[in-house]
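K.L.:
Shown below is the structure under consideration.
The values are calculated or read from the model by the stated rules, or taken from the named source; none is laboratory data. Owing to the predicted nature of the structure, the values given are computational and were not obtained by experimental measurement. In this analysis, Cβ positions are derived from the backbone assuming ideal geometry, glycine residues included, and neighbour counts consider all displayed protein chains.
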Amino acid sequence: MCDGNQIDSHLVVVGEVVGFWKLDGHIKIKPLTSNPHRFDVGNSVILGDTKFEIISAITNKNNLIYAKFAGTSKRSDVEYLYGKHIYVDIEQTNKLSEGTYYYFELLGLKVSTENHVVLGNIVEILKSPANDVYVVRNESGQETLIPAVKGTVLDVDIESNKMLVKYI
């Protein structure tokens, strides 16, 4: 599993603007991607309807990224970006090996047990040291946590928007 949510058929969320750094137009980014090179100098990202080229990027000890975009020279140039998601074109994502999925492909999948009991839809994916955990919410708001491990996840069908799990 990899990058974040998908807002549009060709864009994938890879980060979120969570603050500012210095007064020269740097933004503070919380990465929502497993690819740390998405924010390298020279790469482009999309916020709203605007494509920005990254001209400076530093990763701090908390895995936040301080980045500056071409055409920004002061904090007021970027303040409107606070809280916005950062996207890349889906074409910039790498092809994954079979059985591995981007988060945006899994979010929203309808999850059922092998006994045909519908548990709900994946609404969130939690990262843990051992494995990811799918948060599945049904129509009444009840949540079920499903560990993303072989033996529990029996089948993933992205085209049909379904996941089959062994209910524990």
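K.L.:
Go through the range 13-62 and count every residue that is closer than 17 Å to Tyr82 by Cβ, in a loop (DSSP other than H, G, I, E, B) and basic (Lys, Arg).
P.N.:
Here the count works out to 1.
K.L.:
If you go through the range 19-39 one residue at a time, how many are basic (Lys, Arg), at pLDDT below 95 and under 18 Å from the mean Cα position of the chain (by Cα)?
P.N.:
Within the range 19-39, residues that are basic (Lys, Arg), at pLDDT below 95 and under 18 Å from the mean Cα position of the chain (by Cα) number 2.
K.L.:
Check Tyr66, Tyr101 and return the single one that is assigned to a loop (DSSP other than H, G, I, E, B) and among the aromatic types (Phe, Trp, Tyr). Steps first, please.
P.N.:
Values: Tyr66 fails: assigned to a loop (DSSP other than H, G, I, E, B).
Going through Tyr66, Tyr101 in turn, just one is assigned to a loop (DSSP other than H, G, I, E, B) and among the aromatic types (Phe, Trp, Tyr): Tyr101.
K.L.:
Further question: How many residues are loosely packed, with under 11 Cβ neighbours inside 10 Å, more than 18 Å from the chain's Cα centre (by Cα) and of a type outside the set (Gly, Ala, Ser) if we restrict to the range 93-144?
P.N.:
Summing the residues that are loosely packed, with under 11 Cβ neighbours inside 10 Å, more than 18 Å from the chain's Cα centre (by Cα) and of a type outside the set (Gly, Ala, Ser) in the range 93-144 gives 6.
K.L.:
Another question about this same structure. Given the criterion modelled with pLDDT of 95 or more and closer than 30 Å to Lys51 by Cβ, identify the matching residue among Tyr87, Tyr66, Tyr134, Tyr102. Outline the logic, then answer.
P.N.:
Numbers: Tyr87 fails: modelled with pLDDT of 95 or more; Tyr134 fails: closer than 30 Å to Lys51 by Cβ; Tyr102 fails: modelled with pLDDT of 95 or more.
Only one candidate passes the filter, namely Tyr66.
K.L.:
Step by step: first the residues of the range 69-89, then only those that are in a strand (DSSP E or B) and either of a type in the set (Val, Ile, Thr) or farther than 28 Å from Ile125 by Cβ (or both), then the one that is farthest from the chain's Cα centre (by Cα). Which residue is that?
P.N.:
In this case the residue turns out to be Phe69.
K.L.:
Here's another thing I want to ask about it. Scan the range 92-103 and give yes if some residue there is within 30 Å of Asn43 (Cβ to Cβ) and in contact with a Gly (Cβ under 7 Å, 6 or more places away or on another chain), otherwise no. Outline the logic, then answer.
P.N.:
Our first condition is that a residue be within 30 Å of Asn43 (Cβ to Cβ); within the range 92-103, this holds for 92-103.
From what is left, the residues that are in contact with a Gly (Cβ under 7 Å, 6 or more places away or on another chain) are 103.
Yes: one or more hits.
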